[in-house]
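J.: Quick one: structure below, then a few questions.
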Amino acid sequence: MAKNIILSAKTADDIDTRVERILQDLGNPEPPLALETVRELLRLDFGYYSINNPGLLQETAHKIWLAGKQILLRPTILIEAVRKFDLKALYILDQKRILLDQDEPVLKHRWNEGHEIIHSVLPWHEGAMLGDDANTLIPSCHAQLEHEANYGAGKLLFLRDRFTKEALDLEQTISSINGLADRFGNTRTSTFWRCVETWGARVPVIGLITGHPHFDMRKDDFDETNPCRHFIQSPAFEQQFSGVDERNVFDQIVGYCSSNRGGPLGADEVILIDDNGNSHLFSFETFSFHHNILTLGIYLEPYKKVITSVL
Ligand SMILES: [Zn+2]
């Protein structure tokens, strides 16, 4: 189950303070944050590489950190390491250089760059070249350094409290998430992730990123035992509903979703059971962005069974 994990308060504070300093030095800019101004401030070099055009990857690598593990290499041309480990982004410490795979979808570049920028500003990430594959660049990555880089990237790209304040003033809907994604210049998915955590700090909120739930629309690789790409639980949800099974939640979504290819797929009230065995009502809404289907679930109230008696 792809649950999100939570950092220690001390580490989170430390990362947040460093991001705060960057934003202050930039004069607390309006969204969307221009990453080239961050690179300029931090004197970071930047480039794109491509497996088919490895101009920037000619140098030799001896060791590389990937997913929290140091990998020692016999002196290897960097391009070989990139191929072998399927790296999507790199931070080369001695050159203060960020390199991104230009063959990745353009929408992902921004998140990947934010992730590498955070590697560059956390002194305890120093030591070797840092490499990232598709798994280390998602917010639920469990490797400590990668989770820290993703946490900081979120703080940076969403301008810390600026996003929190604006999101809390909005209706908790997928339409609001769309507006916030446009305003802050980030992907729907990363904005969705952030909204679940922001809206769900005190009230249980859940977010699912899945393939199409409707039977007629499922892809060949759909796996019934593991139906969610990401099962995002807000801090308050995790505290009270840690036993909720993603398959059960997904089945309830299947119950109300239409087979539309894109746009709204449906909405309904869904009952989830907390860790004390009590039932609660959530308001669910599902929207198709074609390659990703997002479902947002917001806590409503304890569920009261309506008992009808026959006289
Ligand atoms: Zn990384």
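The values are calculated or read from the model by the stated rules, or taken from the named source; none is laboratory data. Not measured: the values here are computed from a predicted model. Neighbour counts run over all protein chains shown; Cβ positions are idealised from the backbone, glycine included.
J.: Could you check region 221-311 for strands (runs of 3 or more DSSP E) lying wholly inside it with 1 or more residues that are in contact with a Lys or Arg (Cβ under 7 Å, 6 or more places away or on another chain) and surrounded by fewer than 17 Cβ atoms within 10 Å (Cβ to Cβ)?
T.: none
J.: If I go through region 198-220 residue by residue, how many of them are in a loop (DSSP other than H, G, I, E, B) and over 24 Å from GLU238 (Cα atoms)?
T.: Result for region 198-220: 5.
J.: With the condition being at pLDDT below 95 and more than 14 Å from the ligand (Cβ to nearest atom), I'd like the strands (runs of 3 or more DSSP E) fully within region 18-133 carrying at least 3 qualifying residues.
T.: 45-49, 60-66, 69-77
J.: Related question: Quickly run through region 262-311 and pick out the residues that are within 21 Å of the chain's Cα centre (by Cα) and without any contact (Cβ under 8 Å) to a residue 60 or more places away in the chain. Can you show your working first?
T.: As a first pass, look at region 262-311 and keep what is within 21 Å of the chain's Cα centre (by Cα): 284-298.
Across region 262-311, the qualifying residues are PHE284, HIS290, HIS291.
J.: So, in region 210-239, how many residues would count as being within 24 Å of THR191 (Cα to Cα) and out of contact with any helix residue (DSSP H, G or I) (no Cβ under 9 Å at 6 or more places or on another chain)?
T.: Of the residues in that region, 5 qualify.
J.: Residue pairs, Cβ under 7 Å, 6 or more apart or interchain, first in region 111-134 and more than 18 Å from LEU41 (Cα to Cα), second among the basic types (Lys, Arg) and within 11 Å of the ligand (Cβ to nearest atom). List them.
T.: ASN112/LYS88; ASP132/LYS88; ASP133/LYS88; ALA134/LYS88
J.: Limited to region 155-176, what total is found for residues that are polar (S, T, N, Q) and surrounded by 19 or more Cβ atoms within 10 Å (Cβ to Cβ)?
T.: 1
J.: Any idea how many residues of region 185-210 are over 15 Å from ILE138 (Cβ atoms) and surrounded by 18 or more Cβ atoms within 10 Å (Cβ to Cβ)?
T.: The first filter runs over region 185-210 and keeps only residues over 15 Å from ILE138 (Cβ atoms), leaving 185, 195, 198-206.
Checking the rest, the ones that are also surrounded by 18 or more Cβ atoms within 10 Å (Cβ to Cβ) come to 195, 198-200, 204-206.
The total comes to 7.
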